Each structure stands twice: as C-alpha cells, then as structure tokens.
1. By per-residue mean of other Cβ atoms within 10 Å, what is the highest-first order of 71-81, 527-537?
2. Quick one: grab the alpha carbon gyration tensor of segment 143-223, order the square roots of its eigenvalues as a ≥ b ≥ c, and give me rounded if a/c is under 1.5, else prolate or oblate depending on whether a/b is larger than b/c.
3. Over 21 Å between C-alpha atoms is what I'm after, so list which of LYS374/LYS397; LYS225/LYS398; LYS9/LYS617 land there.
4. For segment 173-190, in order, what is each residue's ³J(HN,Hα) by Karplus, 6.51 cos²θ - 1.76 cosθ + 1.60 with θ = phi - 60°, in whole Hz (x at glycine and Pro)?
5. Quote the relative contact order of segment 474-626 in percent (integer), defining contacts as alpha-carbon pairs under 8 Å separated by 6+ residues.
6. Where in segment 272-376 are there trypsin sites (Lys or Arg not before Pro) that are in a DSSP coil and have at most 10 other Cβ atoms within 10 angstrom of their Cβ?
7. Mind listing the phi-derived Karplus ³J(HN,Hα) values for segment 149-163, rounded to whole Hz, using 6.51, -1.76 and 1.60 with θ = phi - 60°, and x for any glycine or proline?
8. Apply the Karplus curve 6.51 cos²θ - 1.76 cosθ + 1.60, θ = phi - 60°, to the phi angles in segment 285-298 and return the couplings in whole Hz, x for Gly and Pro.
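Each reported figure results from applying straightforward, stated rules to the coordinates on display, with no laboratory input. Not measured: the values here are computed from a predicted model. Here the Cβ positions follow ideal geometry from the backbone for every residue, glycine too, while neighbour counts run over all protein chains shown.
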Amino acid sequence: MLNKYPLWKYLLVLFFLLLGLFYAAPNLYAPDPALQITGESSAQVIDDAILGRALAALDEAAIEHFDPAVDESGRNALIRLRDKDQQLPAQARVSRALGDGFIVALNLAPTTPDWLSDYGAAPMKLGLDLSGGVHFMLEVDVDAAIERRMEYYTNAIKRTLREERIRGFVSIDDAGQIQASFKTEAQREQARDAIADAEPQLSLDRVDEADNWKLLATLPDQVRKEIAEYSVAQNLTTLRNRVNELGVSEPLVQRQGQNRIVVELPGIQDTAEAKRILGKVANLEFRLVANMDAAASEKQRFDYRSPDRAGASEWLERDVIITGERVSNAQASFDQNGQPNVQISLDSEGGSLMSRATRNNVKRRMGVLFIERKYRTRYEVQPDGSEVAVKLPYDEKKLLTAPVIQSALGAQFQITGLDSPLESSELALMLRAGALAAPISFVEERTVGPSLGAENIRMGIKSVQYGLGLVILFMIIVYRLFGLVAVVALSANIVLLVACMSLLGATLTLPGIAGIVLTVGMAVDANVLIFGRIREEVNNGMAPQMAIHAGYERAVATILDANLTTLIVAVILYAVGTGPIKGFAVTLSIGIITSMFTAIMGTRAMVNLIYGGRRVKKLSIGGIKV
C-alpha cells in the first residue's frame, strides 16, 4: 500500500498554510500610539491650519510626534507619537489648542505594511482586558428628562384647553411647576376636570390670589422616579443600538448606579467616531412657524443651522407637534435635485399627531428643529497652580428647514436642508438607533493600552507557551518522528487560527486565550488517536504502509464525532453567552475547524511525504513491540 496524495492535495495544504502565514503576519507589527482629531459635526473639515495648530501645541510641550496626516475625506487627522506615556498629556495640549468644536481622541495607529494591507490583511483585535479599545463612563441628565416631560405636559394642557374652548394662561414657573391662570372660578373648575381626564399623572392643586384663580400642576415623586428610571433604561437601549450600528465586536454596555452607563468598545480603532456617535443627542422637534401677530410668550426665535443661511432665523411656536422619539425608522437619501435628505417613518401615535397638526394648517410653514448637546470648555486653576479642563454642557437648537405644508402629512415624509450626504447619514443613524430620552455627559474616558493589560498579556502568553512546550515534549518523547510531525501541524494550526481571527475581525480576550490553550490540547488529541491506532495495527502484525493507511482511515470517524459535538457546544455558547463567553466560543470554534484540517489532512500529507512511495520496514512512532 503506497501512502501518496494526489498533487492537488499537497498544493491545497500548502496554499492554506501560505495563506495563513500571510494573514497572520500583520500581528507581528505593533501599532503606534496616536491622537485622532475630528470635528464634533460630521461636516467639519480638518485643514492644514487646524493640523498646524495641533502640531504647534505638541512642539511647545516637547512631545515627540511624526507622520501627521489627514485622510482622504478631510474630516480626520492622525498624529503618531513616539511614546505611549505621552498620549494623555498630548491629548490635553491639543484639546486646549483647538478649543471647543473638535474631538481629540486617543488611538492606536496600525503599522501594517502596504503589501499586506492592500490585500485586506490586518492585525487581530485585542479586547480591553488585553490591549486596545475605549472605555466611557456616561451620566444621564435625569433632571433634563423631567424638564422635557413638563414641557410636554404644558403643551398638552394648552391643547386640551383649546379643544374645550377654555380661556386661560399656561406657563412653567421657576420651580418647574405648570401654572394655569383663569379669570373665573368656574373656568378653573372646568379646566381642572378636563386636565384631570386628559393627564391623570399630574397632581392638580387650587391656588386663589385675589381675582386670579390658578391651578398648579406638579408631578408626584413616584412619577418623577418612573421618568428618571425610564430615561436611563431608554438611553441604555439607545446606546446599545448605536454600538451595534458601529459594528463593534463584543461590546459592553451596562448600567452602573442610579444614572450612569458604562460603555466598553474592545478592539475599536476609530475612537473619535465612537465618541461622536455615542454622545450625540441628535433629537428633532417639529413646530409650526409662528404668525407675526402671535404674542412673544407663545413663540421662540431660532437661527438656521446651515452655513448657507447664516444670520437667517425664524419664529416658531412654543408648542411641539412631535419629537424624534416618535421616529420608528430613518434612511439617508437624495431628493429630485440631488440634495441630501432623510426619509422619516413615524410610529402610529406620531403619525396621528403629525396628521392632525398638518391637516388643519395646510399652506402654513413647519420648522424642523435640530437639537444637539454640546460642551464649552472652561479651565479652572487649582491650588497647586495646575489647570483642569471643565466641560460645561449646553443644548444648541438650530433650524434645519421650514418648508410650506402642501398637504396633510402622515407617518412618512422627508427632512431636507442638510449640508452633506455624510450629515444626512449620521442624522439617519441617530434617529434609527433611537433618540436619547435625556442628554448624556462623558464623565470618564480612557483608552486602554498595553500598560493596563500587560499582566494579562504576559500570563496569557506564558500559559500558551507552557502548554505548547509540554505538549511538544510529550509528543516527541512518546511518538518520536510522528510526534515531530504533530508538532509542526500544531504550529501550523496556531498560525491558521490567528489568521482566521484576524481575517474575520474577531476580538481576542483573555478567555479567548484559554480557548487557544484548549485548542492546542484538542489538536494534539486527534494525532494521539491516529498514532495510537497506527501503533496498534503494527503491533497486530500489519505492514507499516498498511498500518498508516488504516490508522488514519479508522481514527477519522472518532475525531470528527468528538470535534463536531464540541463545535455544537461552542456555537450554543456563542448564541446564549455574552462578552467573555462569546470570545471563548469564537476562539474555540475556529480552533476546532483549523485543528481538524491540520491534524488530519496536514499530518497525513507530511507522513506521506516521509514514508509514502517506498518500502518501509519500521516506523519511528515509539511503542512498537519487537
């Protein structure tokens, strides 16, 4: 029996090995510490002047840097640093030099050569517990959520009084209570009954002042707690949706304490984009353009957001028709003139409110208000003379557009007046992922580098080295030349495993390293079964060539059965697990597939090259009875 593969099988094994070496090679190139500069608005362009200010700030602080570059879009700049410990001081210097309106994020810039990256080769991503990624601590402004709800109730009360034809003046006082004033006690009682029926959540109290009969509407403590709880829960869901839009593998988004949310994005490269997408409070308000003769207390003035209409403004009614919370879907598109827009779909209640408002106001104009949470930076001098940057949040409300209502609108329409396709895509993403129920602030931000995960990396590498070393020693001592063949196949298996994870963009975590260690054992286990079978056949009197053939043929079924059952368990772990469990399952699944290829087909090819095509009297496999 001649143990020979046809030529195509040898070439197939060689092809996959070379392919694995090629896509695993980028992991040999360590990334450079870097700063990434981008605008708070997606339309902001980073030009040479802005980049020059950033470089001048670094030079002034004697921070070494090299290879500054702006990408093809002109919206992102990357400055590489010589020393990783200089990242935080460099970020503080550049942030102060550029001022508000820019995001300066810590990053790790890849150093993969072009001859690899041109073919899609990239280094394997590492989880936060090893190296790379970003950690955010966000705080939800629940007071703003309660204030927004009170504004909603104020508009609802005004609408109820109009429908019931009750004359009264409604406003929010300095204490955050809704105050409604009436000229007669009968009007107040009629209004109280109508408001109690329409808004049962409100607590209504009568207040008499001379000839003025008032109603004070407040929120009970229980309702306030419910609003705060809803705001945090809704923001948690929205942030998860936004993280999914970013396409981050194995993210962590979880609540911490009363009103804080932790977001960890392992392996992410574009930290500036992540911060902009997560932190942006991109909400909308739809209001009618106010009549010229409307009282000042019933209207507000807003400037246009587009630079093309700088200085122009409109008066809008204070009553809000709907907000972005009623948007169920949003897609970026272009109108018939090729201008960017966003196609909006509302939920059933939003469609009903929009239809009712526009049906009775055809030929009037409706303004679309864009609301963003922004920050002003103030530097406070500390007792030791150092300065600390303090971010002061504020809401910027600008008008996107104010078109004429040509006919009653329903649950679907479009928003125009956007500056660029990139801005329309970002707005659609924000609305599609869900509007934040309350503004959020970044109270902590850090990029996790090798220093934090150095101990985990060192211990993880040691565990793989020790496991691999013991396996190599055991296989060579027990199985001799065949053991050496298994060791070569085991090395090829690790290369293929790293290549597959790099190619798929999987994130390696500490549990993932445990999966690699387990894969090493499982890969060698297959060869133990095959070699044990070969020795058994030789000891039973079978010729060496026949024993090799029989050993592989009869052990394959057992190996496939064992590995497939383990693969099924790994798939289940991935489906029901989260975070580290998924990392372990991914590594284990890939390792099982690559180990079956190298342990069965790879070792068979090498054994065939050594023993195939010639007469063999004795095998170097150990344990042969003489």
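1. Output ranking for 71-81, 527-537: 527-537, 71-81.
2. Verdict is prolate for segment 143-223.
3. LYS225/LYS398; LYS9/LYS617
4. My calculation for segment 173-190 gives 7, 5, 7, x, 9, 8, 10, 10, 10, 9, 7, 10, 5, 5, 5, 4, 5, 5 Hz in order.
5. Working: 174 pairs, mean separation 64.1, N = 153.
This gives 42 percent for segment 474-626.
6. In loop regions of segment 272-376 (DSSP not H, G, I, E or B), the sparsely surrounded trypsin sites (Lys or Arg not before Pro) are LYS363.
7. With coefficients 6.51, -1.76 and 1.60, one gets 5, 5, 5, 4, 5, 4, 5, 5, 5, 4, 5, 5, 5, 5, 5 Hz.
8. Karplus-based 3J(HN,Hα) across segment 285-298 equals 9, 10, 9, 6, 5, 6, 6, 4, 8, 5, 5, 4, 6, 9 Hz.
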